[in-house]
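**Student:** Mind having a look at this structure? Questions to follow.
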Amino acid sequence: LLTAQENNSPVILGVSEGAGKYMGGYKTIVGMVNGMLEELKITVPVALHLDHGSYDGALKVIEAGFSSVMFDGSHYSIEENIEKTTEIIKIANAKGISVEAEVGSIGGEEDGVVGAGEIADPAECKQIADLGVDMLAAGIGNIHGQYPENWAGLNFEALAAINKSTGQMPLVLHGGTGISEEMIKEAISLGVSKINVNTECQLVFAEATRKYIEAGKDLEGKGFDPRKLLAPGLEAIKATVKEKMELFGSINQA
């Protein structure tokens, strides 16, 4: 939030179901974010978004006060995905909440959700897009977490076909960590409007925290205080977030 404000950038705060549980529940998160928006005088647009939500998880965050929800029905048949996505759209739209859907599962694992890294079918993407979702996540060879050395890269032919079939639908790129700048820019040129980055923030946080402890700073004075112990990690995440805002083109777009 601080980095978004400093750079006059809109921002989406993504919360997985696992993170929601860890942080004490969705209402806790809504209260915390709303409190920070006020206390830190955040004026840029901020969306609070559920990432890879189950049907029940989507209903819970809608009730808790999130402003955006992803229902991931990619592991269902296309018929069931359409049916459940339609229901979520109806419930969310009644409260002015935006909806992201998914076609073709994203590879890797995130909070127990495992995807094989499928290439989404453009015709199925159009079927979901036509339901009235606000954003569409489509598998184009991207994966969650760290990319293996033998990763084939994003399938831009598939992305172009999906973009053509869905018209002006904002497309979502999951697994933004480890994708080259060139690929990111190419993806943006082909309709990608939302990019999820999580692993990279975790990695720089862990690296900064390790350096702090390896330097023995936690043993100096009150260096063990979590506020001091975690401060280098906080700064590392802020720096990474700024880099991403520059790359994604969101600076001064608030």
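The values are calculated or read from the model by the stated rules, or taken from the named source; none is laboratory data. Since the model is a prediction, treat every value here as computed from it, not as a measurement. All Cβ positions, glycine included, derive from the backbone under ideal geometry; neighbour counts span all protein chains shown. These accessible areas exclude ligands, DNA and RNA; they are computed on the full protein's heavy atoms, side chains included. Shrake-Rupley method; radii C 1.70, N 1.55, O 1.52, S 1.80 Å.
**Student:** Of the numbered conditions (1) open to solvent by 10 Å² or more (accessible area, probe 1.4 Å); (2) at negative phi; (3) of a type outside the set (S, T, N, Q); (4) modelled with pLDDT under 95, G107 fails exactly one; give the number of that condition.
**Tutor:** It is condition (1) that G107 fails.
**Student:** Please go through region 196-247 and pick out each residue that is open to solvent by 60 Å² or more (accessible area, probe 1.4 Å) and closer than 22 Å to V11 by Cβ.
**Tutor:** Answer for region 196-247, where residues must be open to solvent by 60 Å² or more (accessible area, probe 1.4 Å) and closer than 22 Å to V11 by Cβ: N198, Q202, L203, F205, L230, L234, E235, K242, E243, E246.
**Student:** OK, next. How many of the residues in region 123-162 are assigned to a loop (DSSP other than H, G, I, E, B) and touching a Pro at 6+ places or on another chain (Cβ under 6 Å)?
**Tutor:** Final tally of qualifying residues: 0.
**Student:** Additional query: Would you pick out the residues in region 213-254 that are farther than 30 Å from I188 by Cα and of a type in the set (F, W, Y)?
**Tutor:** The one that is farther than 30 Å from I188 by Cα and of a type in the set (F, W, Y): F224.
**Student:** Between L59, L37, L2, which is open to solvent by 60 Å² or more (accessible area, probe 1.4 Å), more than 16 Å from the chain's Cα centre (by Cα) and either within 20 Å of I251 (Cβ to Cβ) or touching a residue at least 12 places away in the same chain (Cβ under 8 Å) (or both)?
**Tutor:** Going through L59, L37, L2 in turn, just one is open to solvent by 60 Å² or more (accessible area, probe 1.4 Å), more than 16 Å from the chain's Cα centre (by Cα) and either within 20 Å of I251 (Cβ to Cβ) or touching a residue at least 12 places away in the same chain (Cβ under 8 Å) (or both): L2.
**Student:** Of everything in region 5-25 that's touching an Asp or Glu at 6+ places or on another chain (Cβ under 8 Å) and not polar (S, T, N, Q), which residue is surrounded by the most Cβ atoms within 10 Å (Cβ to Cβ)?
**Tutor:** My answer is E17.
**Student:** For region 193-250, which helices (runs of 4 or more DSSP H) that fit wholly inside it have 1 or more residues that are under 20 Å from V46 (Cβ atoms)?
**Tutor:** Output list reads 199-214, 231-248.
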